[in-house]
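Read through the structure below, which is laid out as structure tokens, and then see the notes.
The values are calculated or read from the model by the stated rules, or taken from the named source; none is laboratory data. Quantities reported herein were computed from a predicted structural model and do not represent experimental measurements. Heads up, the Cβs are rebuilt from the backbone with ideal geometry, glycines too, and the neighbour counts pull from every protein chain shown.
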Amino acid sequence: ERASIEQWLQAEAQNFSPPSSALVFHLAFAPHLNIPQDHAVIAENEKKLQQVLNVYDEILSKNEYLAGDEFTLADLSHLPNSHYIVSSERGRKLFTGRKNVARWYDQISKRETWKQVVKMQREHPGAFE
């Protein structure tokens, strides 16, 4: 199980994080900072993230969570960027358009500890910068 978790952490770092980080900036932060969105960068990274999420959807058709049937660090590591991406309608469609990814994100984002993080961030926005 540990090897599977480490494998997913690498997948997150190398495959999920680069396009999702670009989307977080352009979809979640740029509008609030009055920075023009680069639509070419958004489209390119949506395409990359779609490919990653298609693989995730296939894996999640067999497993409850990424590394198996238990919530692990592999799932947790995806929460921050996923949270920001789904905060926009355009980003949300990347997740909701895939049945198993949608189920997985719904499960992990409803965890009480994650809800507490989101609440703290809302109440103290500068504390996480």
inquiry  = Quick check on Asp69: is it of a type outside the set (Phe, Trp, Tyr), more than 13 Å from Trp8 (Cα to Cα), free of Cβ contacts under 8 Å to residues at least 60 places away in the same chain and in contact with a helix residue (DSSP H, G or I) (Cβ under 8 Å, 6 or more places away or on another chain)?
reply    = no
Count of the range 24-49 residues which are part of a helix (DSSP H, G or I) and farther than 18 Å from Ser82 by Cβ = 5
Meets criteria (part of a loop (DSSP other than H, G, I, E, B), out of contact with any Cys (no Cβ under 7 Å at 6 or more places or on another chain), at pLDDT 95 or above and surrounded by 13 or more Cβ atoms within 10 Å (Cβ to Cβ)) for Phe71 = yes
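Has the range 39-60 got at least one residue that is acidic (Asp, Glu) and farther than 18 Å from Ser88 by Cβ? Don't jump to the end; show me each part of the working.
We begin by selecting, within the range 39-60, every residue acidic (Asp, Glu); these are 44, 46, 57-58.
Within this subset, residues satisfying the condition of being farther than 18 Å from Ser88 by Cβ are 57-58.
Scanning the range 39-60, I find at least one residue that is acidic (Asp, Glu) and farther than 18 Å from Ser88 by Cβ, so the answer is yes.
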note = Scanning the range 82-124 residue by residue, those among the small types (Gly, Ala, Ser) and either loosely packed, with under 15 Cβ neighbours inside 10 Å or outside any helix (DSSP H, G or I) (or both) turn out to be Ser87, Ser88, Gly97
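Given the condition among the acidic types (Asp, Glu), over 23 Å from Trp8 (Cα atoms) and surrounded by 14 or more Cβ atoms within 10 Å (Cβ to Cβ), answer yes or no: does some residue in the range 29-43 qualify? Reasoning before the result, please.
We begin by selecting, within the range 29-43, every residue among the acidic types (Asp, Glu); these are 38.
Still in the list and also over 23 Å from Trp8 (Cα atoms): 38.
Filter once more, keeping what is surrounded by 14 or more Cβ atoms within 10 Å (Cβ to Cβ): 38.
Yes, the conditions are met somewhere in the range 29-43.
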query = Considering Ser88, Ser82, which residue is touching a Leu at 6+ places or on another chain (Cβ under 7 Å), touching a residue at least 24 places away in the same chain (Cβ under 8 Å) and under 18 Å from Ala22 (Cβ atoms)?
reply = Ser88
